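> Take this structure first; my questions come after.
The values are calculated or read from the model by the stated rules, or taken from the named source; none is laboratory data. Source: prediction; values computed, not measured. Note that we place each Cβ from the backbone using ideal geometry, even for glycine, and neighbour counts take in every protein chain shown. The accessibility values were calculated without ligands, DNA or RNA, using every heavy atom of the protein model including side chains. Shrake-Rupley method; radii C 1.70, N 1.55, O 1.52, S 1.80 Å.
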Amino acid sequence: MASELLLLEEVAELTRAPLSCVRFWVRTGKLPSLRPGRRVLVRRSVLEQFLASSERSGTAGNEAKELEK
């Protein structure tokens with residue numbers, strides 16, 4: 001099954017990040033992309049992996065607060 005391809009504008013909308021940030025991620029290689037012709041596209045599966053690897057765990061601070069009690 002083919003993976004859905006997203007325009008950079010769609011990636012920005014999905015991530016709620018400015019388009020300039022999405023372009024930076026692509027330019028620096030943090031977010032792999034395809035360039036068929038003039039368009040820059042990102043596979044949805046690659047975006048999901050990128051977001052998963054970028055997540056910061058918020059549980060560490062909560063655990064420290066629990067220990068203080």
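> Per residue, how much accessible area does the range 1-40 have with a 1.4 Å probe, in Å²?
With the other protein chains kept in place, the range 1-40 gives 80 Å² per residue.
> With a point put 7 Å past each Cα toward its Cβ, work out how far E48 is from E10 in nm, to one decimal.
Label at E48, label at E10, 1.4 nm between them.
> Excluding S33 itself, what net charge comes from residues whose Cβ is under 15 Å from its Cβ, given Lys and Arg +1 and Asp and Glu -1?
So the surrounding residues net to +4.
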